[in-house]
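Asks: Please see the structure below; I have some questions.
The values are calculated or read from the model by the stated rules, or taken from the named source; none is laboratory data. The model shown is predicted, which means the values in this text are computed figures rather than measured ones. Reconstructed Cβ throughout: ideal geometry from the backbone, glycine too, with neighbour counts over all protein chains shown.
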Amino acid sequence: MALSEKNKMDVPQHIAIIMDGNGRWAKQRGLPRTAGHKAGSETFRRIADYCRTIGVKYLTVYAFSTENWKRSEEEISGLMVLLERYLVEALQDMEKNGVRFRFFGDLSRLSPKLRRLCEEASSRSSAYSEVQVNFCLNYGGRDEIVRAAMDFARDVAAGKRSADSLTEADFENYLDSAGVPDPELVIRPSGEQRTSNFLNWQSAYSELVFMDVLWPDFKPEDLDRAIEEFYRRSRRFGGA
Ligand code: IPE
Ligand code: IPE
Ligand code: MG
């Protein structure tokens, strides 16, 4: 039975995806890398819709890392244009879709236009609660932790906090993901078996599923397979 027909209780509430393999997909077809990113953005739309159909509450996607600035200017600007296009569309359909958008990462390095779109998407959708998409843009797990540490230090300097009172739960409130439960499942397509600076804090006890399919080829059935794999795992959280 397809997951979409199964009980909604059977899916993890938070799935995170490293959308990888666009470049290789394009190369296989003799196309420019940007064509791979365009195909990848279409996959994202389909998979986000599917997640909603099967009742996933939070979907976090890695769209651009703090390391991805090492790529050519052409590739970077192609990616930024696709993101802008997606957000303009999402803003048009905002009321119809009812998806809450959040953005993880250091947005200060994005263009003013893209930053404005991100701010508008998160503020206009902040009241929606059924489904939430977290976009990781200029995101690095280490960068997120360092920025959180600086915010905490500023609160200490301002006398709002004492330096020796910090708990893990408090610290989480300084992260970009404040208020979002940790992902139960992190999926990386494309065959690479690493997390590449994605959700370092939040994935401490996530189940990692690595898949050989390239992101532009990723289908709802592949998400079903990852979820089935997730349910075969035995999660112990350090217990016996
Ligand atoms: C993922 O695909 C998209 C981004 C990192 C922005 P890649 O562009 O990394 O694709 P590969 O890994 O080169 O195939
Ligand atoms: C991770 O993929 C970043 C995104 C998918 C946005 P990369 O392709 O940048 O990671 P590496 O270089 O293979 O580790
Ligand atoms: Mg890659």
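Asks: If I ask for residues that are touching a residue at least 60 places away in the same chain (Cβ under 8 Å), in contact with a helix residue (DSSP H, G or I) (Cβ under 9 Å, 6 or more places away or on another chain), buried (at least 17 other Cβ atoms within 10 Å of the Cβ) and not hydrophobic (A, V, I, L, M, F, W, C), which ones from region 203-219 would you list?
Replies: Matches in region 203-219: 203, 216.
Asks: Right, another one. Spot the failing condition for residue 87; the list is (1) crowded, with 20+ Cβ neighbours inside 10 Å; (2) over 20 Å from the mean Cα position of the chain (by Cα), and only one is missed.
Replies: (2)
Asks: Only one residue in 177, 129, 190 is modelled with pLDDT under 95 and either within 18 Å of the chain's Cα centre (by Cα) or within 16 Å of ligand 3 (Cβ to nearest atom) (or both), so which one is that?
Replies: Going through 177, 129, 190 in turn, the sole match is 129.
Asks: Could I ask something else about it? Only one of (1) away from ligand 1 (no atom under 16 Å from the Cβ); (2) under 19 Å from residue 68 (Cβ atoms) is not met by residue 120, so which one is it?
Replies: (2)
Asks: When you go through 170, 143 one by one, which is the residue that is under 27 Å from residue 57 (Cα atoms), in contact (Cβ under 8 Å) with a residue 60 or more places away in the chain and part of a helix (DSSP H, G or I)?
Replies: 143
Asks: For region 206-228, give me each residue that is away from ligand 2 (no atom under 16 Å from the Cβ) and part of a strand (DSSP E or B).
Replies: The one that is away from ligand 2 (no atom under 16 Å from the Cβ) and part of a strand (DSSP E or B): 207.
Asks: Okay, moving on. Would you confirm, using the coordinates I've provided, whether residue 170 is under 18 Å from residue 11 (Cα atoms), over 14 Å from the mean Cα position of the chain (by Cα), away from ligand 2 (no atom under 16 Å from the Cβ) and of a type outside the set (Val, Ile, Thr)?
Replies: For residue 170, the condition - under 18 Å from residue 11 (Cα atoms), over 14 Å from the mean Cα position of the chain (by Cα), away from ligand 2 (no atom under 16 Å from the Cβ) and of a type outside the set (Val, Ile, Thr) - is not met.
Asks: Tell me yes or no: at least one residue of region 62-82 is within 16 Å of ligand 1 (Cβ to nearest atom), touching a residue at least 12 places away in the same chain (Cβ under 8 Å) and within 22 Å of residue 224 (Cβ to Cβ).
Replies: yes
Asks: Based on this model, can you work out whether residue 120 counts as under 20 Å from residue 216 (Cβ atoms) and either of a type in the set (Asp, Glu) or without any contact (Cβ under 8 Å) to a residue 12 or more places away in the chain (or both)?
Replies: Values: under 20 Å from residue 216 (Cβ atoms): no; either of a type in the set (Asp, Glu) or without any contact (Cβ under 8 Å) to a residue 12 or more places away in the chain (or both): yes.
When the stated conditions are applied, residue 120 does not pass them.
Asks: Looking at 134, 197, can you tell me which residue is touching a Lys or Arg at 6+ places or on another chain (Cβ under 8 Å), assigned to a loop (DSSP other than H, G, I, E, B) and either surrounded by 17 or more Cβ atoms within 10 Å (Cβ to Cβ) or of a type in the set (Lys, Arg) (or both)?
Replies: Testing whether each residue is touching a Lys or Arg at 6+ places or on another chain (Cβ under 8 Å), assigned to a loop (DSSP other than H, G, I, E, B) and either surrounded by 17 or more Cβ atoms within 10 Å (Cβ to Cβ) or of a type in the set (Lys, Arg) (or both) leaves just 197.
Asks: Tell me, which residue of region 44-71 that is under 14 Å from residue 132 (Cα atoms) and surrounded by fewer than 18 Cβ atoms within 10 Å (Cβ to Cβ) is farthest from ligand 3 (Cβ to nearest atom)?
Replies: 53
Asks: Take region 51-75 and flag every residue that is within 15 Å of residue 97 (Cα to Cα) and in contact with a strand residue (DSSP E or B) (Cβ under 7 Å, 6 or more places away or on another chain).
Replies: If the condition is that a residue be within 15 Å of residue 97 (Cα to Cα) and in contact with a strand residue (DSSP E or B) (Cβ under 7 Å, 6 or more places away or on another chain), then 51, 52, 56, 57, 58, 59 are the ones that fit.
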